[in-house]
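First up is the structure itself, then whatever we jot down about it.
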Amino acid sequence: MREAKNIVYSEKVMQESDLFRVLESLIKKVGLFDNRILKGDTVLIKPNFVAPFPKATTDLKSIDFFVTKIREAGGIPVIGESSGFEFDTEATFQILGIKEFAEERKVELINFDKTEYTTMELSDLGRVEIAKAALEAKLILNLPVLKKHSITQITGAVKNFLGFLSKTSRRYLHFHRLEDGIVALARKFEGSIHFVDARHMLSRAVFSQSRPLNYYLAGLDPFSLDHFGSRLLSVNPESVKYLKGVGQYHIEGFIPDELPLPVTGSFFKERIYRMTYSTLYRLDTIKCSLLGGNSMIPSLHWYLGIHPEIGKVTQEELEELSLLCPVGAINIEKRNITREKCARIRCLKCYHQSKSGKVILRGFGSLRYRG
Ligand code: SF4
C-alpha cells in the first residue's frame, strides 16, 4: 500500500483562472484539513520572499487562498519570512505588497530578522539560530517556488526552510556543508505540508529568465517533491546533492507525457560557484567578527551579480525614473544610483518600467539576464 508521505500530487495550471480550482483539489488530495488544523492552532505560512522580485516569489493570490482556508478550519494563519542573505526583508515585504496584504487581511506578518531567535542543534553541524515562531507553530504550511539554483542546482520545498534561520546561521552554513544543513533542517520540520508553485520555468533563484511550466505540486515529503520538481526543470536529480538517497515515490495526477531529458549541470561551473560563495561568506564572517560593521555580501552581489546604472537620459527622464524607485536610490543631482541604498533591494523596477536604454544592467549576472 502506498503511504501518503510518498505521494507527489501534481496538477496543471494552464491559466490564472485555474489557480483556485487546482489549489482546492490539491488541499483535498494532500489532506490539509484531515484533522491537521484544530480550532485555535497557529499555522505558520512559510512563503518564498527571497527578494523584492515578484517573478521569484510566492504570489499573494496563493497566500490569500491559504489564509482563507486556514481560517475556515479554525486555525490562525501567520506569515513569516526572512529574505535572501543579501536582501532587505522589510523592503521586500513593502515592495511585494505583503505588508499591505497582511494589514488588509489582518494576518500577523513576522519579519524573522526582527524577531526572537533561539538556538538548536542541527545534526552534527553545531548550533544554529532559528526563529522561535517556526518551532512554536502547530503546523508549517510550506509555500516555495520551484527554481533552478546556481549552487544547489534547484531550490524548492526542502531549501525553503533556510529562511527560518538567522542570517548569521545561513552564512555559516554556506561554508559548512550547505546541503547537509538543508537536509537536517527540513527533517526538523517533518509533518509540514508543502505546496510547490511550479508554474514557471525559472532559471535562477532571483534574476531569472521565465517561461511557462504550468504545474502546482503538493505533498507531505519535500524530498520527493523536489525530486520530481528537478525533473520538471530538466535538472538531473542525481546531480542535486541534497536529493541523494530519495526513496521511491508515486506521482498522482498530471505527469507530462515525456519528462524533459534531465541534464547534469556543469560540474566545473557548480564547483566554481560553490568555492566562490563559500570563500566570500567565510571572509565576511571573519571581517564582521574582527572589525564589526555590516556584511560585505550585498555589495559583492551588487558588483558580481546584477545592478542598475543610469543610461542616457534627459533631466526630465531622470526625474521620472527617480519616482519609480521605492527607496529613493536614484540621485538626481549626481545622476547616478546610490549603491548603499539600492544594493539590498535591487528590485529592477527602474529597469523594467522605463524605456529601453534609460537604465542599463551591469555586473556579471546581467550577461545572462534577459528579463
Ligand atoms: S535603483 Fe532601481 S533597482 Fe535599485 S532599488 Fe531603485 S528601482 Fe530598485
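Quick one: Kirkwood hydrodynamic radius for the chain, alpha-carbon pairs, angstrom, one decimal?
Working: mean 1/r = 0.0467 Å⁻¹.
One decimal place: 21.4 Å for the Kirkwood radius.
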Highest-first arrangement of 206-217, 9-20, where packing means the average Cβ count within 10 Å: 206-217, 9-20
Lys334 paired with Thr285, simple spin-label distance in nm, labels 7 Å along Cα-to-beta-carbon: 3.3
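Classify region 175-234: rounded, prolate or oblate, from the alpha-carbon gyration tensor (a ≥ b ≥ c, eigenvalue square roots; a/c under 1.5 rounded; otherwise prolate if a/b is larger than b/c)? Intermediate results must be reported in sequence, preceding the final value.
On the way: a/c = 2.49, a/b = 1.36, b/c = 1.83.
Oblate.
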Contour minus Cα-Cα distance for Lys269 and Asn35 (0.36 nm per residue): 79.6 nm
Beta bridges per DSSP with both ends in region 4-253, % antiparallel, nearest 5: 50
Cut-off under 5 Å, modelled amide H: who pairs with Val8 long-range: His250, Ile251, Glu252
24 Å Cα-Cα threshold exceeded, pairs from Lys69/Lys167; Lys61/Lys341; Lys29/Lys241; Lys99/Lys167; Lys334/Lys358; Lys69/Lys241: Lys69/Lys167; Lys61/Lys341; Lys29/Lys241; Lys69/Lys241
For Tyr215, distant residues with modelled amide H under 5 Å away: Val13, Ala198, Arg199, His200
Span from the region 187-206 Cα centroid across to the region 88-154 one, whole angstrom: 13
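Extension gain Ile360-Lys132, at 0.36 nm per residue separation less the Cα-Cα distance, in nm?
Once the chain is fully extended between Ile360 and Lys132, it gains 77.9 nm.
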Efficiency of FRET from Cβ geometry, Gln353 and Arg187, R₀ 45 Å, rounded to 0.05: 0.60
Accessible area in square angstrom per residue, region 296-371, 1.4 angstrom probe: 57
Three semi-axes of the equivalent ellipsoid, region 205-262, Cα gyration tensor, whole Å, largest first: 18, 15, 12
Computed [θ] at 222 nm, deg cm²/dmol, the chain (DSSP H ≥ 4; -39,500 (n - 2.57); rounded to nearest 500): -10000 deg cm²/dmol
Accessible surface of region 191-327, 1.4 Å probe, proportion on carbon and sulfur as whole %: 59
The chain, relative contact order [Cα under 8 Å, separation at least 6], %: 19
Between 0 and 90°, nearest 10: helix 178-188 axis offset from the chain longest Cα axis: 40
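The values are calculated or read from the model by the stated rules, or taken from the named source; none is laboratory data. Computed from a prediction, not measured in an experiment: that's the story for all the values here. Don't worry about glycine lacking a Cβ; one is built from the backbone with ideal geometry, like all the others, and counts go over all protein chains shown. Just so you know, the surface numbers come from the protein's heavy atoms only, side chains and all, with ligands and any DNA or RNA stripped out. Shrake-Rupley method; radii C 1.70, N 1.55, O 1.52, S 1.80 Å.
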